[in-house]
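The values are calculated or read from the model by the stated rules, or taken from the named source; none is laboratory data. No experiment lies behind these values; they were computed from the predicted model shown. Positions of Cβ are backbone-derived with ideal geometry, glycine not excepted, and every protein chain shown enters the neighbour counts. Calculation scope for accessible area: heavy atoms of the full protein, side chains included, ligands and nucleic acids excluded. Shrake-Rupley method; radii C 1.70, N 1.55, O 1.52, S 1.80 Å.
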Amino acid sequence: MQAFWMENRAMWMRWYARFRRDLFSLVATLLQPVLWLVLFGNALQGMVRGTVPGGDYLAFMTATAFVMTVFNGGLNGGLELMYDRESGFFDRLMATPMHRISFVTGRFSFVLAVTVAQGLLIIAAAYLMGVRYATGLLGIALTLLVGALFGAGIATLSIILAFVLRHHGQFFSFIAIVSLPLLFLSSALAPLHAMPAWLAAAARLNPLTHAIEAVRTLVIVGWDWSVLAQMSVLLLVVDVLLLSIAARVLRGYLE
C-alpha cells in the first residue's frame, strides 16, 4: 500500500510540475471561471432580476459557475493521458515496475484537486460581489463535497475517453458536441419552472441539473434535505456506473 501511495505522489508531482511551468495555463485555469461569473452574472443581472429563485441572478449564477467549472475541468482531465498515449510516453510508463492503476489514479486525484481550487475561487469571488450562503460555512463545505462527487464522475468519463478514442482530435470533437447541449439541457442558465415542459423534463434527466440545484439550494434557499438526498443518490449511481465502465476499459488496456 505504501508503494501505491508513493507512486501516486510521484505522478501527482509530475502533473503539478507541468501545471506550474505553464504560467499562462495556470492563470487561465484559475481565473477563467471567476471571469465567467463576473461577466455573465453582471451582464444579465439587471435583465432577469426578480425572475429567478431568490431574486438575485448573481447568487443564482454562483451555483452554475461552480458546477460548470467542475464539469469543464473534469471533462478535460483525461486529455493529458491522451497526449501521453499519442507521444508514446504512456507505453514507457507501462514498462516501469509501478502499479499501472497509479498512472490513472494520480491524474484523477490531481484533476479533482484543481477543480476544488477553482471552486474555492468561485465562492470567494461571489462573496466579494455580495453573495452570501444561506447555509453558511457548512454549506460551503458541502458545496465542495458536491463538486467532488460530481467531478469524480466527469473525470472518470474523461479518462475512459482517453483510452477509447484514437486521438486528441476525436477528444476535442466529443467535448464540443456534448458540452453545449448539456449546458442548455440543464437549469444552468434558467430555472426549471421557466422552461418549456419538454425541455424541463429532459433537464431533470441531466446530472448537471441535479448538481446545480443542490448547490443553488445551499446558496439561496437553505437546508433542503430532500434535494440534497436526491442529488446524492443520483450522482452516486452515476459515479458507480462510470467507475464500473472505467474498470472494464482500463483492465483491457493496462493488462
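Brief remarks on what is shown
- In this structure, Leu145 does not qualify as touching a Pro at 6+ places or on another chain (Cβ under 9 Å), open to solvent by 50 Å² or more (accessible area, probe 1.4 Å) and either farther than 21 Å from Asp56 by Cβ or at pLDDT below 85 (or both).
- Test: residue in the range 133-142 that is in contact (Cβ under 8 Å) with a residue 12 or more places away in the chain, open to solvent by 10 Å² or more (accessible area, probe 1.4 Å) and not in a loop (DSSP other than H, G, I, E, B): yes
- Exclusive hit being open to solvent by 60 Å² or more (accessible area, probe 1.4 Å) and either in contact with a helix residue (DSSP H, G or I) (Cβ under 9 Å, 6 or more places away or on another chain) or more than 14 Å from Asn72 (Cα to Cα) (or both), set His193, His210: His193
- Ala43 in a helix (DSSP H, G or I), modelled with pLDDT of 70 or more and small (Gly, Ala, Ser): no
- From the list Leu218, Leu235, Leu250, the one residue that fits, being under 25 Å from Asp56 (Cα atoms) and part of a helix (DSSP H, G or I), is Leu218.
- Within this structure, Arg166 fails the test of being in a helix (DSSP H, G or I) and open to solvent by 30 Å² or more (accessible area, probe 1.4 Å).
- Extreme residue, least open to solvent (accessible area, probe 1.4 Å), among residues of the range 171-190 that are of a type in the set (Phe, Trp, Tyr) and without any contact (Cβ under 8 Å) to a residue 40 or more places away in the chain: Phe174
- Residue in the range 106-114 that is open to solvent by less than 50 Å² (accessible area, probe 1.4 Å) and over 16 Å from the mean Cα position of the chain (by Cα) present: yes
- Some residue of the range 52-61 being at pLDDT 80 or above, exposed (fewer than 13 other Cβ atoms within 10 Å of the Cβ) and either touching a strand residue (DSSP E or B) at 6+ places or on another chain (Cβ under 6 Å) or at positive phi (or both): no
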